[in-house]
Amino acid sequence: MTESWRPPTRLLRVATLALSLWGVLVLAPCGEAAASRAAVERVQPRVVKIYGAGGLRGLEAYQSGVLVSAEGHILTTWSYVLDTEAVTVILDDGRKFEADLLGADPVLEIAVLKIDAEDLSFFDLAAAVEGDTGMRVLAFSNLYGVATGDERVSVQRGVVAAVTTLAGRQGAFVTPYRGRVYVVDAITNNPGATGGALTDIRGQLLGILGKELRDRRSQAWLNYAVPIAELREAVSDIRAGKFRRRDPAKERLARNPLDLTAFGIVFVPNVVDSTPAYVDAVRPDSSAATSGLQPDDLVLFVGGVLIRSLRDLREQAKLIEQPAEISLIVRRGEELKTVMLQSTDAEAEVGEPREGEQP
Amino acid sequence: MTLTLLRRATLRGRRAWLVTLVALIIACSVGIAGCVGQVEAAPPEDLAEREQQAIRAALEKVAPSVLQVQTIGGSATGNTGLGQQTSSAVAISPDGFLVSSEFNFAQKPSAILVTLGDGTNLSARLVATDRNRGIVLLKIDLPSEVAPLSVAEIAPRDELRVGAWALAVGRIYEAKQPNVSVGIISALDRVWGKAVQTDAKVSPSNYGGPLVDIRGRVIGILAPLSPHADMGMSGTDWYDSGIGFAVPMADILAVVPRLRKGQDLHGGLLGISIEGRDLYSVPPKIAAVHPRGPADEAGLLADDLIVAVNGKSVENRAQLQHVVSPLYAGDEVTLAVMRDKKRVERSLQLAEELIPYAHPFIGILPVRDGHEDAAGAGVRYVYPDSPAAQAGLASGDRITEFQGTELTDVAALRQALRRYIPGEVVDLSFQRDGATKSAEITLAALPEDVPDDLPLVERPAGPVGKRPRTGAFDLKLPEFENECVVYVPKNYHPQMSHGVVIWLTAPGKFDKEALLNRWKEVCARRQLILLAPQPRDKERWAADELDFVRRTYDEVAKDYRIDASRVVAHGHEGGAAMAYLVAFSQRDVVRGVAAVQSPIPAVVRPPATDPARPLAIYVAISKQHEYASRVTDQIKALRKMKYPVTEVRFPEKPRYLLDSELAGLVQWIDGLDRL
C-alpha cells in the first residue's frame, strides 16, 4: 500500500510512468478530474522544473520545486542536484532562469533558491493547509524528468495514507529528516519528483514531496511529503539570510547516554543480532531490585520507547539522556508490568541543552 | 445517506464503464475512483468531497477493530528483506481473539505486543496458524479495566463486486491512527478461490490489516498469496504492483473454531502427480500415485482420468486445483475417475504431507559427454562399498540395459531410476571387454560422504575449435541494476560440459580478486564455470533479486555447454541464505546448494523432494556459530525430507572454507552427476 515496491528496472519504471500518464488522459472526462481541473490549473504554474548536478549512473540531474514568492523564491529539496554553480529553473511557461542558492537546511532536507523574476504565481506558505488520513490529494512533480521546456509538470492522485513521523520507524529508513510526514498511497516519490507539491483536491498546498526512501527491512518504498508547517520557519529564516547549518547525526546523540546497568540491571549476553532484552540478573540493593524487577523479565519499553533487542537498546540509549528516573515496561509470563527505576548515581543528571539544539 | 447514494452510483457507474474498468484494473492503478460516479448528476466538486467523506467514514468505522502488532526477537536472519516488526491485526471477538497475516510471525518472535488505539500495550500469544491461507490467530488477555474489543463487521461475500471500492487499512505507522490506501476490488475468487484481489497498495508493510468496503465492513485480511506458491515466501514479490490479495473473512471465520483449539491447519494433498506442466490444455490424468499417499490408499491408479471432485466435474488441472486447493489436510474428498471406460468413485482424506521421495543410488559416476558411437552409460568411477561395487562393476564398463530395457545414453538411465526408491532390487546389463554381463543390485540411498579421489575427466583429443569468451568478464543485463562477474576457465572445451557454481556473495564482502584466486584453478581442473551475481544494494540481498540471479544463469547457459547435473548455488553467510532461496525456487536448474555459515532463512520452507529434480545439500557451519543448533535441527529436518545433506563442522569461529575444505566442496560438486 503506502510503502510501495517498485520494479527495479528502468524499463518498468518508464512503463509505469507511461501508464500513469495514460491514466490521467483517460480520466480527463471523469467527475473527479473535472473537480480537480481548477486545482490543477491553479497549482501547475506554481511548480517548477530544476536542473543541476548529477547525470551519472542512477543519479538524475533534475528535481522539482515550488514557487513561494511572487519575486521568485523557490522551495525545493536539498540534494546533490543543487551542488553546483549552475542551477537552472524552468517555469511552466518555458521561461528559463539561472538560480541562486539562498540557503539550505540539511536536517529538514530543504533549500531555498531565488530566480530573478517578478509577478509570479506562488504558494503563500502562511496559507498552507493541514492534511489528515484519508484526505484525497494531488501530487505535482517532474517525475522522471518527463516534462521539458514549457511542458507542465505531471499530476498524480491518491490519498493521505497516514500522518506519522519518520523517527517512529526506527532503523528502517536512512534519512536525516525524522519529523512529521504525510505518507501517500500513490507512487509519488519517483526520481525527479522531490521538491514537488502535494495539495488537497482544491489545490491548496499541503507539503513538499520528499526523496526516494526505501525501507531497509522490507525493501518497500515510502512515498511521502513533508508538511509545510514543519518547513515554514526554516524557509523564512533562510529568506531572511539566517543561514542554517546543523549536523544531523551529532544533534541526536545524547551527551550523557542512557545506561541501564547504572540502575542495577544485568542483561543476558548479546549472542545474536536479535537477542531480546531479557534481564539476566538484578543487582541486590539496586534501584532495579527495589522496583521488583526480576530475572527473565523481558524489557519491552524504556521511557516509552519500544526496545526490540539488546542491539536496539544499545542504539536507542545513545539518543536518550541518562535520566534520574525512568519507567520500564517488561513482560513477565503473559503479562506486561510497569516498573520505575530511580538513579542512585549522582552523575546521572539531565545535561544542559545540546549544541545546536532547537529551543 | 451519502453512503447509500454513493453505493448506487458505484454500481450504476460500473455498468457504464465496464470496458474502461477492466482495462484500468489491469493496467492502471491511478485514477479509477474518479470514474465510478460519472453518471450521477451531482456537481463534480460535491462528488469528490463526498467520496472523501465516504472513505473517512469507512476508515472511522473499521478503525477500532484494527490494532497495531509489534514482534520482538525471533530468528529472522535479516538479509533477505522479509518479515515486518510492526504490523496490523483485526479483532474478531470482544474477548481478545485477533487475526493477522502469517508473514509477520514467520520468524517465530519471542514476544508479540498488541497496542490498542488508546496506546495500551498488551502481550499477545500466537494460538495457531492456517498455513493454507497464510493467516494466524492471536489472543490477548484483556485486563478488567480494559474495555472489550470492538469487533469488525464483515462484508457478506455475495455483496462483493468487482469494481467496488476497497480500502487497505492498517496501523503500521501509528498505533493511535489507522493508515489507509484506496483502491477497488479487482477480482474475486483468485489464487484457486482463496483470495479477493485488489489494486489498493498491498505490501509487506500492511499484511495482516483488513481490506474493507466503502461501508467500513471487512472483506478480508491482507496477505501475501500467490497461485504459484511452493515456498513459504511466495507472493511477496508482487507487492505494490497494482495487485494485492486479501483472504476472505468468511473463510477465516470458518476455520477459527479449529484454530482456537491451537490446531495448525495445512493445505491438503491428494498424493498424485499429473503429467505435464500445463494447467489448462491437458486432461487431469494421474501419471503416478505417491506410494502410501491418500490416493494410493484409496485405490486410485496411474492412468486413471479424474473427471469430478466432490461432485464438481473437472476437465483440466486448473479446475482440479480450484476445488482442492482451498481444502485442508484432513478434509474428505471424493474423486470420480474413468478407468477402462468405467466411472469409479473413491473417497479419501487429504494428507498434510506425503512420505518423502528418496532418490536411489547405483554407485557410479557416468562418463560425461558420451561418445555417439556407443549406446548406454559408461562408468568412469565406482563408489567404494556402493551397490555397484558390490555387484562387481568397475570403471570402463558400460551399462547397456536397465530392468530389461536398452539404454540409449546416460540420460535414459537417469530417467529410468526416477521410478525407483532405495531398497528396491533392479537388474543391470553391462559390457566389459566386449562381453555382456548382468548384475542384480539393491538400490541404495544417495551418499552424503564425499570420496576424495574422484578422477579427473579426460579431455577429448583433437583440436578444440572455436572457443566462446573465456577468462573473467562482467555480465551486464540491461534490465537490471545488478552486476555480475563470470569466470570461464581458459581451457574451456566446447565438447566438455561444464558445471556452474553460482557464487552468492556475503553482503558487503564481495572481493573479486580473492574469489577468482580461489576458483580459477579449480574451474580449469573440474570443468566449472563461476558465476558471481551481486546484490543491487551492497549491504543485502533482496528476495526479488532471484530473478536476476536466474537470468545470469540463463545467459551463461546459452553460450556454454552446461552439465545440468552440476549446477550449484553456493554462498557464505547472507549469501548462503540467498543460495537456499535460489536453490529452492529455481529447482528446474539447481542441483546442489552449498551453504557456508548460515541457516535456511526462517520464512523459507524447503519444498518436498522431487524425483525429476534432485537437489543435494552441502552445509558448512562453525560450532560457535550463533545459529549452529538451528542448523543442526534444519539438517535433521532436511534428512527427514530425504535430501542428501553433506555436513562439515568447524570447531573455530565462523569463517569461510579453508583451501582444504574448499577442495572437499569441489569434490562434492564434481560428484553431483552420480547415479
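If B:ALA564 passes every condition in (1) buried (at least 24 other Cβ atoms within 10 Å of the Cβ); (2) in a strand (DSSP E or B) but one, which one does it miss? Going through the list (1) buried (at least 24 other Cβ atoms within 10 Å of the Cβ); (2) in a strand (DSSP E or B), B:ALA564 breaks only (1). Against the list (1) away from chain A (no Cβ under 14 Å); (2) surrounded by fewer than 19 Cβ atoms within 10 Å (Cβ to Cβ); (3) among the aliphatic types (A, V, I, L, M), the condition B:VAL501 fails is (2). When the residues of segment B:327-368 are filtered to those that are under 23 Å from B:GLY193 (Cβ atoms) and among the hydroxyl-bearing types (Ser, Thr, Tyr), the one that is surrounded by the most Cβ atoms within 10 Å (Cβ to Cβ) is B:TYR328.
For segment B:280-294, does any single residue satisfy the condition of being under 15 Å from B:GLY134 (Cα atoms) and either surrounded by fewer than 22 Cβ atoms within 10 Å (Cβ to Cβ) or at pLDDT 75 or above (or both)? Checked against the condition, which is being under 15 Å from B:GLY134 (Cα atoms) and either surrounded by fewer than 22 Cβ atoms within 10 Å (Cβ to Cβ) or at pLDDT 75 or above (or both), segment B:280-294 yields no hits at all. Scanning segment B:589-632 for residues that are in contact with a helix residue (DSSP H, G or I) (Cβ under 8 Å, 6 or more places away or on another chain), within 14 Å of chain A (Cβ to nearest Cβ) and under 24 Å from B:GLU353 (Cα atoms) turns up B:PRO599, B:PRO601, B:VAL603. Would you confirm whether any residue within segment B:122-141 is more than 10 Å from chain A (Cβ to nearest Cβ) and farther than 30 Å from B:ALA329 by Cα? No, segment B:122-141 has no match at all. Within the option set B:ALA318, B:ALA374, B:ALA388, being closer than 30 Å to B:LEU413 by Cα, free of Cβ contacts under 8 Å to residues at least 60 places away in the same chain and surrounded by fewer than 19 Cβ atoms within 10 Å (Cβ to Cβ) holds for one residue only, B:ALA374. Each residue in segment A:38-73 was checked for being within 23 Å of the chain's Cα centre (by Cα) and over 18 Å from A:GLY203 (Cα atoms), and 13 pass. For B:LEU142, the stated conditions hold: it is touching a residue at least 24 places away in the same chain (Cβ under 8 Å) and within 24 Å of B:PRO94 (Cα to Cα). Filtered by the rule that a residue be aliphatic (A, V, I, L, M) and within 26 Å of the chain's Cα centre (by Cα), segment A:91-104 gives A:ALA99, A:LEU101, A:LEU102, A:ALA104.
Do we find a residue being outside any strand (DSSP E or B), crowded, with 24+ Cβ neighbours inside 10 Å and of a type in the set (S, T, N, Q) anywhere in segment B:593-605? Yes; the residues of segment B:593-605 include at least one that is outside any strand (DSSP E or B), crowded, with 24+ Cβ neighbours inside 10 Å and of a type in the set (S, T, N, Q). Kindly evaluate A:PHE301 against the criterion of being without any contact (Cβ under 8 Å) to a residue 60 or more places away in the chain and under 33 Å from the mean Cα position of the chain (by Cα). Considered against the rule, which asks whether it is without any contact (Cβ under 8 Å) to a residue 60 or more places away in the chain and under 33 Å from the mean Cα position of the chain (by Cα), A:PHE301 comes out as yes.
Determine, yes or no, whether B:GLY370 is in contact with an Asp or Glu (Cβ under 6 Å, 6 or more places away or on another chain), modelled with pLDDT under 90 and either more than 30 Å from B:PRO494 (Cβ to Cβ) or not basic (Lys, Arg) (or both).
Criteria met by B:GLY370.
Among the residues of segment B:46-75, just one is of a type in the set (Lys, Arg), touching a Gly at 6+ places or on another chain (Cβ under 7 Å) and more than 10 Å from chain A (Cβ to nearest Cβ), namely B:LYS61. Scanning segment B:159-174 for residues that are aliphatic (A, V, I, L, M) and buried (at least 24 other Cβ atoms within 10 Å of the Cβ) yields B:ALA166, B:LEU167, B:ALA168, B:VAL169, B:ILE172.
The values are calculated or read from the model by the stated rules, or taken from the named source; none is laboratory data. Owing to the predicted nature of the structure, the values given are computational and were not obtained by experimental measurement. FYI the Cβ positions are ideal-geometry reconstructions off the backbone, even for glycines, and counts take in every protein chain you see.
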